[in-house]
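Remarks on the structure that follows.
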Amino acid sequence: MITQVTINEKSFGDKILYEGLELNVEEGEKLGLIGRNGTGKTTLLGLITGDDKDFDGEVKFKKGRYNSSKYSSDL
């Protein structure tokens with residue numbers, strides 16, 4: 001596993017955008033995000049990259065795969 005994303009909740013005010021989201025990315029997988037405007041595609045990428053840290057959950061990367069102090073690397 002390269003990346004493990006667990007988002008218990010991400011909201012904007014009263015609007016809950018994500019609740020109970022789990023995403024695992026395995027070596028060699030390719031992903032695409034498809035959705036209407038305003039459905040949270042860019043927000044999800046911001047959570048994964050660490051640009052958005054205002055959420056309940058965690059993002060983990062496989063140890064040695066990425067060099068960033070923003071993330072835990074204990075997969």
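Worth pointing out:
- Any hit, the range 49-62, residues being hydrophobic (A, V, I, L, M, F, W, C), under 10 Å from the mean Cα position of the chain (by Cα) and in a strand (DSSP E or B): yes
- The range 1-48 - residue that is in a loop (DSSP other than H, G, I, E, B) and basic (K, R) and, of those, farthest from V59 (Cα to Cα): R36
- Of all residues in the range 8-21, those that are exposed (fewer than 13 other Cβ atoms within 10 Å of the Cβ) have Cβ atoms under 6 Å from Cβ atoms of residues that are at pLDDT 95 or above and of a type outside the set (F, W, Y), 6 or more apart or on another chain, in E19/E9.
The values are calculated or read from the model by the stated rules, or taken from the named source; none is laboratory data. This is a predicted model, so every value here is computed, not measured. Every residue, glycine among them, receives a Cβ derived from its backbone with ideal geometry; neighbour counts consider all protein chains shown.
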